[in-house]
1. Cβ contacts < 8 Å: first residue closer than 16 Å to residue 4 by Cβ, restricted to region 64-93; second residue among the hydroxyl-bearing types (Ser, Thr, Tyr) and modelled with pLDDT of 95 or more, any location; separation 6+ or different chain. Result?
2. Scan region 54-112 for residues that are among the aromatic types (Phe, Trp, Tyr) and within 12 Å of the ligand (Cβ to nearest atom) and report the count.
3. Has region 466-473 got any residue that is over 14 Å from residue 386 (Cβ atoms), touching a residue at least 12 places away in the same chain (Cβ under 8 Å), outside any loop (DSSP other than H, G, I, E, B) and in contact with a helix residue (DSSP H, G or I) (Cβ under 8 Å, 6 or more places away or on another chain)?
4. Looking at this structure, is residue 485 outside the structural domain of residue 618 (by TED's automatic domain parsing) and at positive phi?
5. Inspect all residues belonging to region 365-382 and state whether any of them is under 29 Å from the mean Cα position of the chain (by Cα), assigned to a helix (DSSP H, G or I) and either in the same structural domain as residue 417 (by TED's automatic domain parsing) or of a type in the set (A, V, I, L, M) (or both).
6. Collect the residues in region 254-265 that are surrounded by 15 or more Cβ atoms within 10 Å (Cβ to Cβ) and either outside the structural domain of residue 206 (by TED's automatic domain parsing) or of a type outside the set (A, V, I, L, M) (or both), keeping them in residue-number order.
7. Are there any pairs with C-beta distances below 6 angstrom linking a residue in region 509-536 that is on the phi > 0 side of the Ramachandran plot to a residue that is crowded, with 16+ Cβ neighbours inside 10 Å and of a type in the set (D, E, K, R), with the two at least 6 apart or on different chains, and if so which?
8. Looking only at residues in region 273-294 that are surrounded by 20 or more Cβ atoms within 10 Å (Cβ to Cβ) and within 14 Å of the ligand (Cβ to nearest atom), which one is farthest from residue 664 (Cα to Cα)?
Amino acid sequence: MTEVVHYEVRQHVAVVTLDNPPVNALSVGKGVLQGILDHVKAAEHDPDVRLILLIGAGRNFSGGADITEFGKPPVPGMATLRDVLAYLDTVTKPIAAAIAGPTMGGGLELALGAHWRCALTGAQIGLPEVKLGILPGAGGTQRLPRLIGVEAALPMIVGGDPVTTERALELGIVDDIVTGDLRAAAVAWAAKLVKDGRASVRRASAMAAALPDGVEADAFFAQARERVAKEWRGYPAPLECVACVEAAVKQPFAAGLRFERERFEHLVATDESRALRHAFFAERAAGKVDGLPDDTPVRSIRSVAVIGAGTMGGGIAMNFVNVGIPVKLVERAPDALQRGLATIAKNYAATVAKGRLAQDEMDRRMALLTPVDDIAQLGDVDLVVEAVFEEMEVKQAIFRALDAVAKPAAILATNTSTLDIDAIAAVTQRPGDVIGLHFFSPANVMKLLEIVRGARTAPDVIATAMKLAKTIRKVGVLVGVCDGFVGNRMVAAYFREAAFLLEEGASPQQVDRALEAFGFAMGPFRVGDLAGLDIGWAIRKRQAATRDPNERYAAAADRLCEAGRFGQKTGAGWYRYEPGRRDPIPDPEVDAIIVQTAAEAGIARREIGDAEIVERCVLQLVNVGAELLDEGVAQRASDIDIVYLFGYGFPRYRGGPMFHADLVGLPNVVAAMERYRASVGAWWTPAAGLARRAAEGGRFGG
Ligand code: 3H9
């Protein structure tokens, strides 16, 4: 077994080094915590040792408890983080911790069990447990408020965002900043503490958790609860965090610790925490491509061209200039090009006005944009992203032109959301260099990037695109070619089901309310009104000739468009909107259209419960997700979840549609689908892979 904790004594300082790559997770099973405990005990009893220094090997102190061990049985004979911290509180020698890199969760809790802390510039210091649906369960909620005061500690515990080294110094989390080589600097710092006689024993557990002067605890926590409940609807952990910090104020340390532990044990067993932990690992898994070796070479992307300066093209261009990559923005008509640039400038100016971007940074980004009116000028760029009108002939013409001018090894990407990438690649002499980069609107804001591999896309082009997603701070998910790829193909079934529910008796506001109560950021009809109903209408008109006349078709959306109701932009869609206001107002005219179309289709309307609405809409997502897995369009179920969490406002605390289905239980999912197949229609047939997994007692899993 490799040694995961090392020990040496230098200048009377016992250096206990955590060495569990990649992030020094505090694993029980691997013996990290037992190792710390053993070495600290040895140091406590070594007469040569005057101070004990905890430090991490590699780039960070510790990323916290080992999340893969949650929910697993205890390991007999192995110390836990709580055991270590309980022992640290009995040690009679000063203990210090050297913080560097991500120092999070249990990692910070361990450091809080020390009496002195130094940190290297560039560290990220925080308690992100809440993002995993839990709370700091090894004393973090009790020690941090005691160390830095309740007002500063509460947002760190409830929000989970890390602070910088400099901020940690201001807050009093760390005592000193060190620079240079961490190990050398930290040992020198610790030795100096001893030499200067500063190294006292100062336990956070012995301090009092203070509120600002004159602030009364009950009122403070009542206000905090109100704020947190509003901001974190659906998430149980943030309110529990407030309760624990309140315990830090009102109860002795030992009682607060017991309370924290009990709330931690409760939270770790909730579906929300399981879902959030799934999301954490799913996000990391999404970056991996099956069958693509880790050492696949990547092409360097130092310059980009974006073809099309519309809303989408402009948003895409912003992603690159935001990270310092110059962009040629291409549009043939000079006025359209100027309009595109002006929109980008307006977007940045709005961010500057909000104080979230410095004016000179905006100027720097704008200067990275070069307007270009001809594809012939793209001979020197490393990547081209085409973002023009969704028409195959138009795109093919552009790719033919690109093929003629682009330098060898340039990557040619299309932002198509529906068209066949292989048919686009086929017009070039270099189909291996062609890939889909499907951004979501607004492209400068939405985190999701579907990376669409064509049949002939080269492995290094895929690897480059996956890396590029990280560079531009997107969550890249690799998908295969099919109509709508993963996200839009699934959402089409979801929207269709929502429209059927209207015909059968629900109202737009009931459907939206039910799905928003489930946790979606916005219900489908509000989304439709925001995005504009004319887009879907145009697509449906194109598809009309090939539509199976025997298939059920909900006509209400077309009727709205025929009446000029395109959504928010025309002041009316599924709802009505008053000028200058975005809140939707239910509209009897819409109800009349729905009743009329239902009658024409011969559908008898009935009362529909919210549970049915949610079940039908979400299970449609699940079933199409299962089809996509069957067809190999998605690599793994968790990738589908990531698409939905980052691109479609699916509630993170439910983990994504596929994880949700696993929680419901696949036999229950199939039973519900069979029920709807009998009562609603044939499209409720379970996908083969779903039926198979249900029959075998399986799950979608990761
Ligand atoms: C906790 O501490 C509970 C306590 O309060 C109470 C206990 C009683 N465990 O993200 P990366 C893996 S809860 C296990 O790509 P980066 C990760 O899956 C914990 N594994 O690197 C990945 O594996 P793979 C509170 C972990 O440099 C690899 O390490 N802490 C853990 O972009 C590299 O990760 C947190 O919530 C872990 N704790 O970012 C922090 N952390 O290579 C969670 C990472 O197989 N971690 N892995 O895909 C993070 O936020 C980031 O990983 C970090 C590094 C910022 C540390």
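1. 66/27; 69/27
2. Residues that pass the stated criteria total 2.
3. no
4. Against the criterion (outside the structural domain of residue 618 (by TED's automatic domain parsing) and at positive phi), residue 485 qualifies.
5. Yes; the residues of region 365-382 include at least one that is under 29 Å from the mean Cα position of the chain (by Cα), assigned to a helix (DSSP H, G or I) and either in the same structural domain as residue 417 (by TED's automatic domain parsing) or of a type in the set (A, V, I, L, M) (or both).
6. Result: 256, 259, 260, 261, 263, 264.
7. 519/654
8. Ranking the qualifying residues of region 273-294, first place goes to 286.
The values are calculated or read from the model by the stated rules, or taken from the named source; none is laboratory data. Just so it is clear, the model here is predicted, and its values are computed rather than measured. Because the Cβ atoms are built from the backbone with ideal geometry, glycine has one as well, and the counts that use them run over all protein chains shown.
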